[in-house]
1. What's the extension gain from Leu113 to Ser81 if we count 0.36 nm per residue and subtract their Cα-Cα distance?
2. If I stretch the segment between Ala34 and Ala204 completely, what's the gain in nm (0.36 nm per residue apart, minus their alpha carbon distance), one decimal?
3. Identify the residues of the range 159-184 with backbone N under 14 Å of a label point that sits 7 angstrom from the Cα of Leu132 along the Cα-to-Cβ direction, or state none.
4. I need the peptides 136-147, 16-27 ranked by packing, meaning the mean over residues of other C-beta atoms within 10 angstrom, with the highest value on top.
5. Percent relative contact order of the chain, based on C-alpha pairs within less than 8 angstrom and at least six residues apart?
6. Please compute the Cα-Cα pair-distance distribution of the chain with 5 Å bins starting at 0, giving whole percents from short to long.
7. Mind jotting down the distance between the C-alpha centroids of the range 165-194 and the range 1-79, whole Å?
8. Would you mind putting 201-208, 161-168, 52-59 in packing order, based on average other-beta-carbon counts within 10 Å, highest first?
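Please treat every number below as a calculation from the coordinates, not as lab data. Treat the numbers as computed from the prediction; the structure is a model and nothing was measured. Note that each Cβ is placed from the backbone with ideal geometry, even for glycine, and that neighbours are counted across all protein chains shown.
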Amino acid sequence: MTVTLTAFERSPDGGMGLARDTRVRWALEEAGQAYEVRPVSFSAMKEPAHLAAQPFGQIPVYQEGDLVLFESGAIIFHIASHHSGLFPDDANARARAITWMFAALNTVEPPILELITVKFLEGDKPWNKDRLPLVFDRIRHRLTQLSARLGDADWLDGAFSAGDLLMVSVLLRTRPSGILNEFPSLAAYVARGEARPAYKRAFAAQLAFNTAQPAA
Ligand SMILES: N[C@@H](CCC(=O)N[C@@H](CSCc1ccc([N+](=O)[O-])cc1)C(=O)NCC(=O)O)C(=O)O
């Protein structure tokens, strides 16, 4: 059955892969699943037709027959649950891979999103310059803990899993800030993710999609 992924008609990052459709594309590529992409404009994202699929007016949306899902983490969990390549066969290892999915989204990503907020939504606030170092320190704290846990392993828990896919995707959001350079083992971990053929296909597809869109 055809999978359709709804993504930005034109990602604000110009196709640098930071929008959350990239992580879903990556999961579909790791699972060997073909998909189509439906572009949505910023205005259409706030219209009833889109809100019926994504109540928060965002992307991505995943559609497969009469199944409509939102939340990139839930979409990736669905893909991983129905296809091989993203979850280990062993039940306990699979549960640990799911734990790392939640850790990526619930523990590591929130301080990183705070940095996005500080930089892009609070830049004009008088207290912004006082808040920025606090946000950086909270990110450093989590990255220090993550780096200690990863050690010299290739992936977080044995073979590559959906937990690594989400963790690498979350860490990629820090790249513009440069903070990842303070954590060489995490930078190498992210580079291993980017070196995966499935990631390369996903990145190339979203870049081609974004550059093919007609100019605004
Ligand atoms: N929890 C949801 C969050 C979805 C979400 O944040 N979607 C963003 C795009 S991915 C976040 C994002 C946006 C832009 C860049 N960029 O660099 O240009 C990177 C990431 C969105 O639709 N934003 C539009 C809106 O809220 O009106 C999920 O994981 O699916």
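1. Numbers: separation 32, 0.36 × 32 = 11.52 nm, distance 2.71 nm.
Extending this stretch completely gives an extra 8.8 nm.
2. Details: separation 170, 0.36 × 170 = 61.20 nm, distance 1.46 nm.
Fully extending the segment from Ala34 to Ala204 adds 59.7 nm.
3. Backbone N within reach: 177-179.
4. Values: 136-147: 15.7, 16-27: 23.8.
Descending packing order for the listed peptides: 16-27, 136-147.
5. Details: 267 pairs, mean separation 60.7, N = 216.
About 28 percent, as a whole number.
6. Per 5 Å bin, starting at 0, the Cα pair percentages come out as 1, 7, 14, 18, 19, 17, 12, 8, 3, 1, 0.
7. Cα centroid of the range 1-79 versus Cα centroid of the range 165-194: 23 Å apart.
8. Working: 201-208: 18.0, 161-168: 25.9, 52-59: 14.6.
The packing order, highest mean first, is 161-168, 201-208, 52-59.
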